[in-house]
Amino acid sequence: MIVILDVLRFRPEPAARPSFQRFEVEARPNDRLLDVLVDIQRRIDPTLVFRKSCGHGVCGSDAMVVNGRERLACKTLVKEIAVDGGPAVTVEPLRNLKVLRDLAVEQKPFFERYRAVKPYLIAPDSGTAGRERRQSPEERSAYDDATNCILCAACFSACPVVGAVNARFIGPAAIVQASRFLEDSRDRGFGDRLAALDHPDGVWPCENRFECTRVCPRGIKVTKLINLTKRRITEFKARRTDR
């Protein structure tokens with residue numbers, strides 16, 4: 001089948017403006033969009049820039065906007081987005097992040113937000129030297145959903161709060177990563193993460209529009225975890241006040 005792609009191109013030269021370039025390529029229905037882009041890069045236009053790594057929906061590096069919706073190129077089949085001969089499939093870089101070139105965006109602001117929530121286990125060593133920090137299956141399942149995050153930034157791109165309300169909002173992915181440890185029975189780092197989360201640019205700007213949940217390629221209930229984190233902060237502060 002013939003697949004028509006309109007790819008938004010951008011060069012970082014002065015006064016450069018993004019514009020769509022059309023490619024017509026042959027592909028099979030079960031080929032992935034990533035396969036098509038690689039084919040274009042190898043056979044038609046080697047200057048086309050995009051990120052990729054594992055190609056199996058684990059690394060999250062090939063997130064982009066396809067027909068107006070955030071997707072992983074490696075998990076998007078041709079038959080899901082195109083029919084033989086048209087109409088054209090639009091492929092654009094992620095939103096809410098500066099475009100470096102073509103489909104590659106500047107990831108630094110996204111990962112700065114990620115690091116701000118201290119996304120690692122914070123637990124005292126006292127009393128645990130030489131022993132495991134054991135958990136029951138129920139305790140482990142409490143943060144199971146959040147562990148599926150691959151930091152693809154699809155939710156950050158789709159977030160209408162980042163896009164139109166508060167560009168400094170820490171964003172859904174960072175809150176999911178915080179939730180992963182806040183719900184961990186072994187962790188004692190709630191207070192350490194509070195400065196980033198309980199902040200005008202932390203969890204509170206979220207307006208529960210569910211776009212992050214809709215586009216998550218791993219099916220994470222992102223909005224639910226954001227609201228859970230809000231509740232945990234309120235409970236934590238109430239306990240601290242009662243002392």
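Annotations for the structure displayed:
- Of LYS108, LYS118, LYS230, the one that fluctuates the most in a GNM where the chain has Cα springs shorter than 10 Å: LYS108
- FRET efficiency estimate (nearest 0.05) - Cβ-Cβ, THR241 to ASP45, R0 51 angstrom: 0.25
- DSSP finds beta bridges in the chain, and of those with both partners inside it, around 85 percent are antiparallel.
- Given charges at Cβ of Lys, Arg, Asp, Glu: region 1-62 dipole, positive-most of GLY55, PRO29, ILE2: GLY55
- Where labels lie 7 Å past Cα in the beta-carbon direction, separation of ALA164 and ARG101 in nm: 3.3 nm
- Dipole magnitude (debye, nearest 20) for region 132-175, charges at Cβ of Lys, Arg, Asp, Glu: 220 debye
- Test item: Cα-centred dipole of region 34-86, Lys/Arg +1 and Asp/Glu -1 on Cβ, debye: 120 debye
- Ranking by accessible area, most exposed first, for VAL65, VAL58 with a 1.4 Å probe: VAL58, VAL65
- Cα shape, region 142-238, gyration tensor, a/c 1.5 rule: oblate
- Chain lengthening between SER19 and ALA123 when straightened (0.36 nm per residue, less Cα-Cα): 32.4 nm
- Between helix 172-182 and the chain: long-axis angle, C-alpha atoms, 0 to 90°, nearest 10: 30 degrees
- On a per residue basis, the chain carries 53 Å² of accessible surface, using protein heavy atoms and a 1.4 Å probe.
- The fraction of accessible area contributed by carbon and sulfur in the chain is 49 percent, rounded to a whole number (1.4 Å probe; ligands and nucleic acids excluded).
- Taking all protein chains as shown and a probe of 1.4 angstrom, LYS52 keeps an accessible surface of around 100 Å².
- Cα-projected label distance for ARG11 with ASN30, points at 7 Å along beta-carbon direction, nm: 4.0 nm
- Lysine pair count for the chain (Cα-Cα distance under 16 Å; residues 8 or more apart in sequence or on different chains): 4.
The values are calculated or read from the model by the stated rules, or taken from the named source; none is laboratory data. As the structure is a prediction and not an experimental result, all values here were calculated from the model. Don't worry about glycine lacking a Cβ; one is built from the backbone with ideal geometry, like all the others, and counts go over all protein chains shown. To get the accessible areas, we keep the full protein, side chains included, count just its heavy atoms, and leave off ligands, DNA and RNA. Shrake-Rupley method; radii C 1.70, N 1.55, O 1.52, S 1.80 Å.
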